[in-house]
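Data block below; observations after.
Just so it is clear, none of the values below were taken in a lab; they were calculated from the coordinates. What you see is a predicted model, and the numbers here were worked out from it, not measured in a lab. Positions of Cβ are backbone-derived with ideal geometry, glycine not excepted, and every protein chain shown enters the neighbour counts.
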Amino acid sequence: MIRKGTMALAVTAALAFAGGAVAQTPKKGGSLTFAISAETPHYDCHGSDTYATLHFAAPFYSTLLQFDLPKYPAIKGDLAQSWTTAPDQMSYTFKLHPNVKFASGEPLTSADVKATYDRLRAPPQGVVSTRVATFADIGAIETPDPLTVVFKMKAANAAMLAHFASPWNCIYSAKDLAADANSPKVKINGTGPFIFNEHVKGSHVSGKRNPNYFKPGLPYLDEWKGVFMLQAAAMLNALQGGQVLAEFRSLAPPERDRMVQAMGDKIRIEESSWTLNLLVTFNTERKPFDDVRVRQALVMAIDRWGGSQGLARNSTLRHVGGVIRPGSPLATPEAELVKLPGFSKDIRKSREDARKLLREAGVPDLKFVLHNRTIPQPYTPAGIFLVDQWRQIGVTVENKQLETAPYLAGLNSGNFDVAVDFSNLFMDDSSLGLTKYLSLGKSAENRSRSVDAELDSLYERHMRETDVAKRKQLIQAFEKRLFTQAYQQPLLWWHRIVASHKVVMGWEMSPSHNLGQDLAQVWLNQ
Amino acid sequence: MLRYAVQRLLLAIPTLIGVAIVSFFLLRVVPGDVVEVKLRGDGGAVTQETIDMERKRMGLDKPLMAQFGDWMLGLATLNLGKSMWTDRPVVEEIAIRLELSLQVAIMASLVAVMLAVPLGTIAALMRGTWVDYVVRIITIAGLSIPSFWLGLMIMLMLLVLFNWLPPITFTPLYVDPKANLTQLIWPAMAVGYRYSAVTARMVRSQLLEVMNEDYIRTARAKGVYEKLVITRHALRNALLPAITVLGLEFAFLIGGLVVTEQVFNLNGIGKLFVQSVSRNDFTLIQGMVMMIAGFYIIVNLTIDMLYAVFDPRIRYR
């Protein structure tokens, strides 16, 4: 029987944390205005993968479980009052809080949870769920009584409990879904701490306190407003001028420095490593990148350890790591990582070996175009860095930055030589993190177009392995195979920097900008 | 004049049809897919089946000519369709931004007129004096300084000197005039200054030309007061080219304040244009192109009508 709280607890690299928030008694009332640097296309958590949806919608919804951020990656109940996991991990039983009501006034029952998860795992015609694969192991959902939900599994999945805590699994009303399965795209009716107030498209979204919220005493705020501020300069001015009190995604280091210089002790800066990384991806269907020697040479020429220090000064790139976020429980330790191709600290020797490999492959004067994205942070510094690294082994590279649409079109159609690719995870879960590297056909996210049965097999074995130590070994074997073949390789992991006025209390920093945005615990010390 | 106006409006129909055809097919040449951007733009592990399903739901799997037919049929019934990004009606998406953009354009035009006419007139009347040189410096600076940079400087000045910034969300004029004007006066000034520089130079050069005309000499010979010579005879004629510039600039301001809107975090048409282009939201782009084309047609017609008001020699039949 696995109970809540059994996961390893670790908050990684959270610096300068606002400890004062814990000590003080929260005050009720007030209105929080914060910036959101993107605007969601719709309100449906199930069909979205952008933080823009969560920073907008999370305060209006509840989930079954949620991450306990001060103890991340531990999980705690949200709508679930308690839960049990079968010893063979083939079933999960959740007991729901009683007296939970939707904003519409309807009571929440297990039927709503079932309808929500049915929509997530097998969306009806015309509904988009981006989590079908995540919940593919669920065989059936039973509701023995209005406050009990039982998930019966087709196969054991070691990451399942963490997936139930995903912030994307907003619980919708079964009645709403029955009336129109696509209603959550345009209508908000949740059981979260806040009730939807208004969305002025292109301008802002706002919410007001839910008087019927099922957690006693919460939320603290009377209302909040999220202002869409797409331009960093405008957002920084507004933060400095106090028009917005926080931006919960991230600033770049120079932006952080400007805020600290301008605002001194009025601003709080919280930092953490981030569950995002940039990758170098080779199109293995194109010559000469179909030659493993060329790919290996190019990854070996990159001085990640030295580069991370320089890039950390002007970009959100910072941490050297493998396929799992460095510092997280399943990550490969540095001592092991440096033995893998592309991660050696002896960059001079690595580059000598790289030049040798290029000569052997018959391309000592290799030239190619680096397919990159126009978003400045951190794509531009990453592109410039890579051009310089490859120049040092005699390779000439043109850094071509494209708008998001043509950039993605090129990546997904295989119309590139080498690309700066990206991976965005909402938590440190290897079943999410490793998917990107599976064979083309098994993973839509594998832009290298590689096919590798060994990687697929290692992934499948790790998915079914419930022993953490063995799981870690399988991940390391996966990493070794992946980096030796060098289809695609993490360049650097991102570093998250969140700035907020010191009056904003109770918000918890985490390694993912998708977590902890329901604002239930946030209060204003003024 | 009414007959002429109706003729011009009828001529707008083939113009708009041409714009519709060109905008539809040119956009289809652009690489990228709105569904990919929407579902995979942030790195989500979305399956190809999900992408295909969404494309089908949006009708993007239909042949190009069928999509074109749908678009033209919609236009004929004044239905611009739904935004591919938000799934909301294009008209709704445009309408909520148009109020702000129109107001900024009107306020910037007023700032421009209030600065340009007196400055251009004074510079022409005091040609070659220090006043003329000062006005020329002011106007050349206006032409040289990009509006967005001036906007940035205004914002930083307000922040550093007064520790104050204008409101960041739009309040309609009829709801709260003070909040509305304190937000929009700054972008109007930043844009209006550059706009006034162009117009002031136009007024100055035209007035200098008109002042040498025979009818001005005749008016003076008849003993008309100099003030009346300038206001009734000279300035009225000198303003004709300036009206053209003002009208075209006004139409441009509706959708052209891309960077300035971002500096002031204004929720206007320019920002929407850029966002929809970067998202490949074709239906929204097409809707906005049609709207701006419509504005240009109306503004041009208005300018032509104003010619007749300002110049008695012009008669439309």
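Think of the protein assembly as shown as having a plus end and a minus end, set by charges on the Cβ of Lys, Arg, Asp and Glu; of A:Ala57, A:Pro219, A:Val205, A:Val205 sits farthest toward the positive end of this dipole. Cα to Cα, under 17 Å, and not fewer than 8 places away if on the same chain: which lysines meet these conditions relative to B:Lys62? Within the straight-line limit of under 17 Å, B:Lys62 reaches these lysines: B:Lys82. Classified by the C-alpha gyration tensor, the stretch A:416-507 has an oblate form. Its axis ratio a/c, with a ≥ b ≥ c, is 1.5 or above, and a/b does not exceed b/c. Just for the protein assembly as shown, what percent of DSSP beta bridges are antiparallel, to the closest 5? Taking every DSSP beta bridge within the protein assembly as shown, about 80 percent pair in antiparallel fashion.
Look at where the Cα atoms of the stretch B:71-128 and of the stretch A:389-404 average out, and the two centres are 41 Å apart. By the count of other C-beta atoms within 10 Å, a proxy for reagent exposure, A:Asp118, B:Asp70 are ordered fewest to most as B:Asp70, A:Asp118.
What does the average come to when, for each residue of peptide A:236-245, you count the partner chain Cβ atoms lying within 10 Å of its Cβ?
4
The stretch A:283-336 gives an Rg/Rh value of 1.07, both radii derived from C-alpha positions and Rh following Kirkwood.
Percent of Cα pairs in the stretch B:73-137 per distance bin of 5 Å, from zero to the largest separation: 3, 15, 13, 11, 9, 8, 8, 7, 7, 7, 7, 4, 0.
Here the residues A:Ser104, A:Ser273, ranked from fewest to most Cβ neighbours within 10 Å of their Cβ, fall in the order A:Ser104, A:Ser273.
Among the DSSP beta bridges whose two residues both lie in the stretch A:273-495, what percent are antiparallel, rounded to the nearest 5?
60 percent
The stretch B:61-210 gives an Rg/Rh value of 1.16, both radii derived from C-alpha positions and Rh following Kirkwood. Between helix B:269-278 and chain B there is an angle of about 40 degrees, using the helix long axis and the longest principal axis of the Cα atoms.
Both the radius of gyration and Dmax for the stretch B:2-90 are 17.1, 61 Å, in that order, over alpha-carbon atoms. For the residues of B:254-263, the average number of beta carbons from a partner chain within 10 Å of their own beta carbon is 1. Across the stretch B:98-310, the fraction of Cα-Cα pairs farther apart than 21 Å, rounded to a whole number, is 60%.
Here is the P(r) of the stretch A:273-495: all C-alpha pair distances, binned every 5 Å from 0, give 1, 7, 16, 20, 22, 18, 11, 4, 1, 0 in whole percents. Mean projected area of the convex hull spanned by the Cα atoms of the stretch A:358-420, taken over all viewing directions: 4.2 nm². Helix B:147-162 axis versus longest C-alpha principal axis of chain B: approximately 90°, rounded to the nearest ten. Sorting A:Leu177, B:Leu248 by the number of Cβ atoms found within 10 Å of their own Cβ, with the fewest placed first, yields B:Leu248, A:Leu177.
With 19 Å as the limit, the listed pairs A:Lys76/A:Lys472; A:Lys201/B:Lys271; A:Lys28/A:Lys208 have A:Lys76/A:Lys472 beyond it between alpha carbons. GNM on chain B, alpha-carbon springs under 10 angstrom: the most fluctuating residue among B:Ala179, B:Ala221, B:Ala105 is B:Ala221. Note on the protein assembly as shown: Cα convex hull, mean projected area over all directions, 40.8 nm².
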